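The values are calculated or read from the model by the stated rules, or taken from the named source; none is laboratory data. The structure presented is a predicted model; accordingly, all values stated were derived computationally and were not measured. FYI the Cβ positions are ideal-geometry reconstructions off the backbone, even for glycines, and counts take in every protein chain you see. Heavy atoms of the whole protein, side chains included, go into the accessibility calculation; ligands, DNA and RNA do not. Shrake-Rupley method; radii C 1.70, N 1.55, O 1.52, S 1.80 Å.
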Amino acid sequence: QVQLVESGGGLVQPGGSLRLSCAASGSIFSAKEMNWFRQAPGKERELVASITGGGRISYGDSVKGRFSLSRDNAKNTVYLHMNSLRPEDTAVYYCNAEFFIDDLGSTWNGWGQGTQVIVSS
């Protein structure tokens, strides 16, 4: 079974930085897509950043210029580098991924457990 494990959340002051990690483990053939979402209480889930298997990266408008996604293919891990953090970035951040699990086109899709980010002075 494939699992996604997130880490790196915590409390940070406005203007500070954090790096979130999402490590995938299990029987993975290759990555099809990996994404970061976030959700604050009472608000809709928001797509923060995504990367396709071909390396195409996109960002949500609210984080462009401040957040950066990267991937380590050898470790099946994606990172979300968050800079110039604002109180409105406070949310639970979730990792989502879709993987090819064999060479016949079978896929797996799932979510991590979420990691809390609090931006406050």
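Looking at the structure I just gave you, is GLU88 charged (D, E, K, R), open to solvent by 70 Å² or more (accessible area, probe 1.4 Å), in contact (Cβ under 8 Å) with a residue 60 or more places away in the chain and over 16 Å from GLY114 (Cα atoms)? Spell out how you get there, then give the answer.
Details: charged (D, E, K, R): yes; open to solvent by 70 Å² or more (accessible area, probe 1.4 Å): yes; in contact (Cβ under 8 Å) with a residue 60 or more places away in the chain: no; over 16 Å from GLY114 (Cα atoms): yes.
No: the conditions fail for GLU88.
Looking at the structure I just gave you, is ALA97 of a type in the set (Gly, Ala, Ser), buried (at least 18 other Cβ atoms within 10 Å of the Cβ), in contact (Cβ under 8 Å) with a residue 60 or more places away in the chain and touching a strand residue (DSSP E or B) at 6+ places or on another chain (Cβ under 8 Å)?
So ALA97 passes the test.
Among the numbered conditions (1) open to solvent by less than 40 Å² (accessible area, probe 1.4 Å); (2) of a type outside the set (Lys, Arg); (3) more than 28 Å from LYS43 (Cα to Cα), tell me where LEU80 comes up short.
LEU80 satisfies every listed condition except (3).
From the list SER121, SER70, SER84, SER106, which one is within 17 Å of ALA23 (Cβ to Cβ) and either small (Gly, Ala, Ser) or touching a helix residue (DSSP H, G or I) at 6+ places or on another chain (Cβ under 7 Å) (or both)? Even if it seems obvious, please write down each step before you answer.
Working: SER121 fails: within 17 Å of ALA23 (Cβ to Cβ); SER84 fails: within 17 Å of ALA23 (Cβ to Cβ); SER106 fails: within 17 Å of ALA23 (Cβ to Cβ).
Matching residue, one of SER121, SER70, SER84, SER106: SER70.
Test GLY10 against the stated conditions and say whether it is open to solvent by 70 Å² or more (accessible area, probe 1.4 Å) and of a type in the set (Gly, Ala, Ser). Break it down stepwise before answering.
Details: open to solvent by 70 Å² or more (accessible area, probe 1.4 Å): no; of a type in the set (Gly, Ala, Ser): yes.
In short, no.
Go through the stretch 21-52 and report how many residues are touching a residue at least 24 places away in the same chain (Cβ under 8 Å) and either farther than 16 Å from TYR94 by Cβ or polar (S, T, N, Q) (or both).
Adding up the residues that qualify gives 11.
Inside the stretch 1-24, can you point out the residues that are modelled with pLDDT under 95 and either farther than 21 Å from LYS75 by Cβ or among the hydroxyl-bearing types (Ser, Thr, Tyr) (or both)?
Within the stretch 1-24, no residue meets the criteria.
Looking only at the stretch 71-121, which residues are among the small types (Gly, Ala, Ser), in a strand (DSSP E or B) and touching a Lys or Arg at 6+ places or on another chain (Cβ under 9 Å)? Don't jump to the end; show me each part of the working.
The initial filter retains those residues of the stretch 71-121 that are among the small types (Gly, Ala, Ser), namely 74, 84, 91, 97, 105-106, 110, 112, 114, 120-121.
Keeping just the survivors that are in a strand (DSSP E or B) gives 91, 97, 110.
Selection gives ALA91, ALA97.
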